[in-house]
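For reference, the structure is listed below as structure tokens.
What follows draws every value from the coordinates through simple rules; no lab data is involved. Quantities reported herein were computed from a predicted structural model and do not represent experimental measurements. Note that we place each Cβ from the backbone using ideal geometry, even for glycine, and neighbour counts take in every protein chain shown.
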Amino acid sequence: MTTNVGPDIERSVLQDVQADREYKVTVVAVGVYENSSPVEMTCATSTPPPEDFRATDVTETSITVSWKLRTNSLAIGHRVWITRSDTAENLFTQFVASGQTYVIFDHLSPATEYMISATSINRYNEGPETSLTVATRTDSPMALDVVHKTTNSVLISWLPPKAALTAYNITYTKEGRGLRTSIMLSGDVDNCEVTGLIPGTRYDIELVAVSRFGRSLAASTSFVTGTYT
């Protein structure tokens with residue numbers, strides 16, 4: 001490829017080059033009687049961002065992202081970083097070699113939306129970024145316990161999860177029967193009284209925390225209502 005420019009031009013853009021390729025550029029000043037000695041330099045176009053960049057594992061406190069290994073690439077590494085979607089705060093940045101195809105971000109907050117971005121880096125420059133948005137899972141209530149029970153009611157309590165909740169879902173089932181009864185509660189409570197139970201009966205009860213990003217795994221316990229004496 002050869003490009004001619006005027007004598008007053010100090011820069012030139014080479015068109016129709018391929019991404020992620022190394023080029024040798026030679027500049028020659030064309031004179032009336034003779035040309036100058038050539039000046040040569042080697043440069044490269046940007047390497048595209050990691051291919052098929054996606055979240056492959058998400059827990060309450062961690063996100064794993066992965067991508068395809070690109071062959072015949074100039075990339076020597078990748079820069080991968082994570083920010084909170086609500087604050088745009090850059091939390092962590094990791095630099096990995098080109099042969100690595102995944103990164104794990106941990107110590108994250110449950111039920112929180114994050115943006116994860118990545119670029120490819122070659123010996124000459126850093127390429128454009130690709131991004132994805134993913135939310136961590138909602139963590140479960142802890143220490144679900146029966147505080148008090150009577151012949152037809154039970155009072156349960158729990159420790160709230162760290163996630164910002166919109167609701168709790170309580171489901172209880174009488175032993176030996178498949179009928180499930182559900183109760184929805186506000187997300188800012190830490191106890192509930194369940195009434196209308198049958199005396200001397202075993203119940204299995206499950207508690208699920210609900211956030212705007214989904215439901216937690218259930219915390220569960222069992223109890224037997226009191227009997228008349």
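Observations, loosely collected:
- Cα shape, the chain, gyration tensor, a/c 1.5 rule: prolate
- Gained length - GLU40 relative to ALA19, 0.36 nm times residue gap less alpha-carbon distance: 5.5 nm
- Net charge, LEU155 excluded, C-beta distance under 14 Å - Lys, Arg +1, Asp, Glu -1: -2
- GluC sites (Glu not before Pro) lying in DSSP loop within segment 11-42, provided at most 13 other Cβ fall within 10 Å: GLU34
- Between the listed residues LEU74, THR56, ASN90, the Cα displaced farthest toward the positive end of the dipole of segment 51-135, a dipole computed from Cβ unit charges relative to the Cα centre, is found at LEU74.
- Judged by the mean number of other Cβ atoms found within 10 Å, the most tightly packed of the peptides 189-196, 123-130 leads the ranking 123-130, 189-196.
- Straight Cα distances below 27 angstrom link LYS174 to the lysines LYS149, with same-chain residues fewer than 8 positions distant left out.
- Taking SER46, SER36, SER85 in turn, the Gaussian network model of the chain (Cα-Cα springs below 10 Å) assigns the largest fluctuation to SER36.
- Going from the residue with the fewest nearby Cβ atoms within 10 Å to the one with the most, MET1, MET184, MET115 rank MET1, MET184, MET115.
- Here ARG11, ARG79 are placed in order of increasing Cβ neighbour count within 10 Å, fewest first, which gives ARG11, ARG79.
- Largest GNM mean-square fluctuation across LEU132, LEU165, LEU155, computed for the chain with C-alpha springs under 10 Å, falls on LEU155.
- By the beta-carbon count within 10 Å of each Cβ, the least crowded to most crowded order of TYR23, TYR168, fewest first, is TYR23, TYR168.
- Test item: Cα-centred dipole of segment 130-229, Lys/Arg +1 and Asp/Glu -1 on Cβ, debye: 260 debye
- Contour minus Cα-Cα distance for GLN94 and ASP57 (0.36 nm per residue): 11.6 nm
- Restriction of the trypsin sites (Lys or Arg not before Pro) in segment 126-229 to DSSP coil positions whose beta-carbon has at most 16 other beta-carbons within 10 angstrom yields LYS162, ARG177, ARG212.
- Per-pair calculated FRET efficiency, R0 = 30 Å: ALA143 and THR64 via Cβ, rounded to 0.05: 0.55
- Projecting the Cα atoms of THR101, THR151, ASN191 onto the charge dipole of the chain (Cβ charges, centred on the Cα centre) puts THR151 farthest toward the positive pole.
- For LEU144, the shell of other residues with beta-carbons less than 11 Å away shows a net charge of -3, using +1 for Lys and Arg and -1 for Asp and Glu.
- Packing-based ranking of 89-98, 49-58 yields 49-58, 89-98, ordered from highest to lowest mean Cβ neighbour count within 10 Å.
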